[in-house]
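Working notes, structure below.
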There are 2 protein chains.
Amino acid sequence: MTTDTPRKQQIEDAASTLFRERGYAATSVRDIAHALDMQGGSLYAHVASKEDVLWAIVVRAADRFNAEVGPIAASDRTAARKLRKMIRAHVAVVTSAQKDAAVFLDEWRFLSPERRATIAARRDDYEGLFRKAIAQGVGSGEFGRIDSAQTAIVILSALNGIASWYSPDGNLTAAQIADQHADLFIRALTWAKPTDEGEDP
Amino acid sequence: MTTDTPRKQQIEDAASTLFRERGYAATSVRDIAHALDMQGGSLYAHVASKEDVLWAIVVRAADRFNAEVGPIAASDRTAARKLRKMIRAHVAVVTSAQKDAAVFLDEWRFLSPERRATIAARRDDYEGLFRKAIAQGVGSGEFGRIDSAQTAIVILSALNGIASWYSPDGNLTAAQIADQHADLFIRALTWAKPTDEGEDP
DNA sequence: CCTACCGATCGGTAGG
DNA sequence: CCTACCGATCGGTAGG
């Protein structure tokens with residue numbers, strides 16, 4: 001009954017690295033164990049199955065996206081400002097928890113059907129946050145008459161793509177990447193008018 | 001010395017379906033063989049290795065992108081029109097050769113290091129076609145002063161994402177999806193002026 | 001293209 | 001957390 005077992009987190013971290021590098025199916029339980037200087041079977045003192053490890057990684061990534069973006073989506077703001085902040089928050093998660101995000105995005109299909117369905121539903125809800133923010137802007141006249149559902153998909157596809165090419169050593173900081181994306185998409189939605197300005201923190 | 005062995009194509013088609021559904025690593029040689037009503041080992045009468053099958057799929061997908069988009073990129077057009085046509089062509093490949101495109105995009109990391117390097121180089125060249133088209137528009141003043149390299153990545157991320165959500169049974173046709181993307185991105189690049197119009201076929 | 005097989009490795013468990 | 005092991009499955013081959 002201690003606060004939390006750090007060993008389990010170490011396992012998830014090591015697994016996250018390997019799942020991202022080699023993919024879930026091509027990573028063996030022994031690979032994960034050896035990364036932590038354990039014997040293959042010893043991992044099962046801490047986890048019940050390989051899939052449970054993937055599940056833990058996927059859930060903690062999903063939780064982070066929701067924790068960062070959810071409050072902004074629920075806040076009272078202009079659609080353009082809200083969307084800009086949501087994009088920034090999403091990119092911040094992708095870049096700061098890059099491994100987990102990449103595993104979440106690429107490897108969730110290896111979950112059991114039940115768990116996959118749970119994640120599919122969560123992803124759809126999350127996408128809904130973007131749909132609603134866009135629809136708000138269409139309704140208020142801030143944005144042009146675009147298809148909010150399709151636009152949400154386009155934006156999230158581009159933002160999620162960052163997980164597969166971003167490098168902390170690149171020429172652009174995570175914040176710059178976020179702003180570039182926000183600029184580009186807000187521009188695309190608010191055409192024929194100047195982009196809204198006057199940032200809030 | 002016949003024209004072409006169709007059995008090999010059948011193998012690649014079946015493998016493309018399975019690699020897309022389950023991923024390369026989680027698809028066994030027996031899975032592929034059984035999809036063609038063969039015994040596991042019999043596949044090796046036609047192919048030398050599982051990786052060779054993946055390689056064939058990846059190469060034919062890459063070839064298609066180049067064949068469709070390359071000539072447009074090399075053509076003499078306004079940057080906006082050129083980019084619009086390139087986006088359309090890219091989306092056409094993604095949607096018409098969806099399985100191959102998805103395998104190409106998601107599973108190429110399971111290739112041997114040498115082959116992976118070859119594909120990485122080809123992908124960079126291909127991305128260069130978009131970079132150059134964008135840079136052309138920046139140079140001519142058609143587009144605003146944006147980072148062509150980053151913008152090319154953003155556009156291709158979104159376009160490639162289509163491979164993972166497009167369904168021929170969806171509400172939108174492939175052509176509509178292509179136009180939506182072209183509209184959105186051209187708008188984002190040509191801000192503060194009306195989008196260029198007057199389509200060529 | 002099949003049958004029958006190879007060594008290697010897989011996820012997971014027992015028993016300590 | 002280790003040793004030692006389980007049955008199952010893997011990619012690939014021999015020999016026809």
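Just so it is clear, none of the values below were taken in a lab; they were calculated from the coordinates. No experiment lies behind these values; they were computed from the predicted model shown. Neighbour counts run over all protein chains shown; Cβ positions are idealised from the backbone, glycine included.
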Within chain A, which whole H helices from DSSP have a Cα span along their axis of at least 27 Å and a mean Kyte-Doolittle hydropathy of -1.0 or more, if any?
A:50-74, A:113-140
Cα centroid separation, the stretch A:1-51 to the stretch B:123-170 (Å):
38 Å
Nm distances between the label at A:Arg116 and the same-position labels in the remaining copies, 7 Å along Cα→Cβ, shortest first?
2.5
Starting from a label point 7 Å past Cα on the Cβ side, list the distances from A:Gly70 to the same position in the other copies, nm, shortest first.
5.0
Calculated FRET efficiency, B:Ser167 and A:Gln176, Cβ-Cβ r, R0 56 Å, to nearest 0.05?
0.95
What does the convex hull of the alpha-carbon atoms of the stretch B:1-54 project to on average, in nm²?
3.6 nm²
Assigning unit charges at the beta carbon (Lys, Arg +1; Asp, Glu -1) and nothing else, what dipole magnitude in debye, to the nearest 20, does the stretch A:51-189 show about its Cα centre?
420 debye
In a shell of Cβ-Cβ distance under 12 Å around A:Gly23, excluding A:Gly23 itself, what net charge do Lys and Arg (+1) and Asp and Glu (-1) give?
-1
At q = 0.25, 0.27, 0.28 Å⁻¹, work out log10 I(q)/I(0) for the stretch A:106-146 with the Debye formula, treating every Cα as an identical point scatterer and leaving solvent out; two decimals please.
-0.76, -0.83, -0.86
Isotropic mean projected area of the C-alpha convex hull, the stretch B:49-189 (nm²)
8.4 nm²
A correct fewest-to-most ranking of B:Leu105, B:Leu189 by other Cβ atoms within 10 Å would be B:Leu105, B:Leu189
Using a ≥ b ≥ c from the Cα gyration tensor of the protein assembly as shown (square roots of the eigenvalues), is it rounded, prolate or oblate, where a/c under 1.5 gives rounded and otherwise the larger of a/b and b/c decides, a/b for prolate?
oblate
Computed [θ] at 222 nm, helices only, for the protein assembly as shown once each DSSP H run of length n ≥ 4 contributes -39500 (n - 2.57)
-23500 deg cm²/dmol
Taking a label point 7 Å out from Cα toward Cβ, give me the nm distances from B:Gly40 to the same spot in the other copies, shortest first, one decimal.
1.7
Using r as the Cβ-Cβ distance of B:Arg145 and B:Gln39, and R0 as 56 Å, what FRET efficiency do you calculate, to the nearest 0.05?
0.35
